[in-house]
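Here is the structure we will look at.
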There are 4 protein chains.
Amino acid sequence: MASFEPKNPGYGAAATAMFDAQPAMRTLGISIVRLAPGEVELAMPHSPAYTQQNGFIHAGIITAGLDNACGVAAFTLMPREADILTVEFKTTLLAPARGERFIFKAEVVKPGRTLSFCEARAFAEHEGKTTLIATMSGTLMAMLPRVAAPQAPNTTHP
Amino acid sequence: MASFEPKNPGYGAAATAMFDAQPAMRTLGISIVRLAPGEVELAMPHSPAYTQQNGFIHAGIITAGLDNACGVAAFTLMPREADILTVEFKTTLLAPARGERFIFKAEVVKPGRTLSFCEARAFAEHEGKTTLIATMSGTLMAMLPRVAAPQAPNTTHP
Amino acid sequence: MASFEPKNPGYGAAATAMFDAQPAMRTLGISIVRLAPGEVELAMPHSPAYTQQNGFIHAGIITAGLDNACGVAAFTLMPREADILTVEFKTTLLAPARGERFIFKAEVVKPGRTLSFCEARAFAEHEGKTTLIATMSGTLMAMLPRVAAPQAPNTTHP
Amino acid sequence: MASFEPKNPGYGAAATAMFDAQPAMRTLGISIVRLAPGEVELAMPHSPAYTQQNGFIHAGIITAGLDNACGVAAFTLMPREADILTVEFKTTLLAPARGERFIFKAEVVKPGRTLSFCEARAFAEHEGKTTLIATMSGTLMAMLPRVAAPQAPNTTHP
């Protein structure tokens, strides 16, 4: 795993503040378990309110956790003045989301001035066993105040 | 758009029952607006409880609507005894999920005995204007009772 | 389908020149069939050199056609000084790539100053029948000379 | 990384034979470097014939290598009588495909009777430096003779 140098020395507080500013995370009961430059781990308890027809957590809710893990991980490597948004992600569902608690681990694969690429994995903790239940591959975008972010020259990559 | 022949004449009641059996849909306030063989339209009101840091609906919640639209659309073309699960999807976020109401339209691109492929679009209704805000491309799988579903022969596609 | 206004009145010549500058397209025998603002159609003959173990065209080669169709479609809507690169795409394979000729149709779903989103479909022409064999959902990026492309302000989308 | 038990003791010869039966791999000069249960590494030399407008290898060709790496990795864990096909994949392009040689490493994330999920990474070797240039997340399907592959019961995952 790559080791990243954060541009914002206060990355931890900034990422936590961005996370805490999301009512959706509070509503779903998702919290930050661990935070490091380019890496994050979130946790979510089981809630019957977010299940599908077989009693497993709905794929969209698992995706909310994975996406937020990617967003926070990417955000830790962005400059202080950046806001972040998700461009796209793919979620693959490997096993039913059955458990008492769910863990979302994300890491930045490649940070960039404009675009950052992340991967995340969701795990279910069920009766003392931890199972990989889903993966995500996502693209995130730094939104910067206009003057601070000139575009890359031709033939240079994101 | 393709026109599909449902295998289950009671596809409407079956799809509605499957949808209604999902607590997550009730919790998010998502409902079925329109249902046809291989096509579905869902609607969801805005809820501050599911927003991210800029007041837009969280990408995971938009994904929950898109994924469910795909699932119901695919389910309308499956045999009566099938259950359904999502294999994977990609969500692309084109514009902020800002609005009073959100619409999720899905259609089956190719139904199959085992795998079905769907596409969906999410729209935001905001101050009388409807905007395309996200797209999904997803794979869904029919789960059939063991005896009823022999596998395809070599070199035949899903 | 949306109707788009090209920023570069010479979009046709520019897109054709960009396409012609790609040795890979020449090697695979891919050519432009139709070009309009935000839309393109490419064609490729069957070639045994690019088949997989069952005699169908390899998924990577079908992807090359789909990706290039997306790239040319997005490029028609970019300013004259832009170069283009692909950020990511998802390819879904619906049916075997069996045929004498393959068609790749792409259209821009949402153009943007930095990112453009496209969808494409691949068709096989086989014994007088045309079959949808694959779909793509992709993100492309405009690379602009540094001075010409300030970044978007906070909370505005790509 | 998981350690997998192959169902086919002759998995190495079977995977190599499947790979060798693909004219596309020969045409692109791709070869197997390393093979283990659920893991594979392929290599491809640079070829000007497969470049795009900036002299980098075309994204479709990089995808052909990634997809084939996923396919061979998944195939090593399938039963002897299986054929394999790709259902879908997402390719993310992190850096230009510039180099003298390209490496494609794939591993199975979760094998299944019907569906297998793989991840792959592409690296460019350029002037003595190795750079991660692309990632893939893909779904592959085992095609089995009809009698040998009953379907999973309800609520069991792929």
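What follows draws every value from the coordinates through simple rules; no lab data is involved. Bear in mind that the values here come from a model prediction, so they are computed numbers and not experimental data. Reconstructed Cβ throughout: ideal geometry from the backbone, glycine too, with neighbour counts over all protein chains shown.
In this structure the amide hydrogen of residue D:51, modeled in the peptide plane, comes within under 5 Å of the amide hydrogens of C:24, D:58, none closer than 5 places in sequence on its chain. A simple charge model with +1 on the Cβ of Lys and Arg, -1 on the Cβ of Asp and Glu and nothing else charged puts the dipole of the protein assembly as shown at about 0 debye relative to its Cα centre.
Taking all C-alpha pairs of the protein assembly as shown, those more than 33 Å from each other amount to 41 percent. By the rule of a C-alpha distance below 25 Å, with chain neighbours fewer than 8 residues away ignored, the lysines paired with residue B:105 are A:90, B:7, B:90, B:129, C:90, C:105, C:110, D:90. The share of C-alpha pairs in chain A whose separation exceeds 18 Å stands at 57 percent. The packing ranking of peptides A:123-134, A:52-63, C:46-57, highest mean first, is A:52-63, C:46-57, A:123-134, where packing means the average number of other beta carbon atoms within 10 angstrom of each residue.
For an R0 of 45 angstrom, estimate the FRET efficiency from the Cβ-Cβ distance between residue A:5 and residue D:49 and round to the nearest 0.05.
Values: r = 40 Å, r/R0 = 0.88.
FRET efficiency, residue A:5 to residue D:49: 0.70.
With contacts taken as Cα pairs under 8 Å and at least 6 residues apart, chain C reaches a relative contact order of 23 percent.
Axis of helix A:59-75 versus longest Cα principal axis of chain A: the two differ by about 30°, to the nearest ten degrees. Distance between Cα centroids, the range D:1-58 to the range C:83-105: provide it in whole Å. Between the Cα centres of the range D:1-58 and the range C:83-105 lies a distance of 20 Å. Around the amide H of residue D:97, modelled in the peptide plane, lie the amide H atoms of D:57, all under 5 Å away and 5 or more residues distant in sequence or on another chain.
Suppose every K and R has +1 on its Cβ and every D and E has -1 on its Cβ; what is the size of the dipole of the range D:11-143 about the Cα centre, in Debye to the nearest 20? Dipole magnitude for the range D:11-143 comes out near 120 debye. For the range B:16-98, the relative contact order comes to 27 percent (Cα pairs under 8 Å, sequence separation of at least 6). In terms of its C-alpha gyration tensor, the range D:1-48 comes out oblate, because a/c is 1.5 or above while a/b does not outweigh b/c.
Taken along the Cα-to-beta-carbon direction at a fixed 7 Å, the label points for residue C:100 and residue C:21 span 3.6 nm. Along the charge dipole of chain A, Cβ charges K/R +1 and D/E -1, which of A:116, A:17, A:31 sits furthest on the positive end? My answer, from the dipole projection, is A:116. In nanometers and ordered shortest first, the copy-to-copy spacing of the residue B:12 label point, defined 7 Å from Cα toward Cβ, is 4.9, 5.9, 6.1. Neighbouring Cβ atoms from other chains, within 10 Å of the Cβ of residues in A:134-141, number 5 on average. Ranked from shortest, the separations from the 7 Å Cα-to-Cβ label point of residue C:130 to its equivalents in the other copies are 2.8, 4.6, 5.3 nm.
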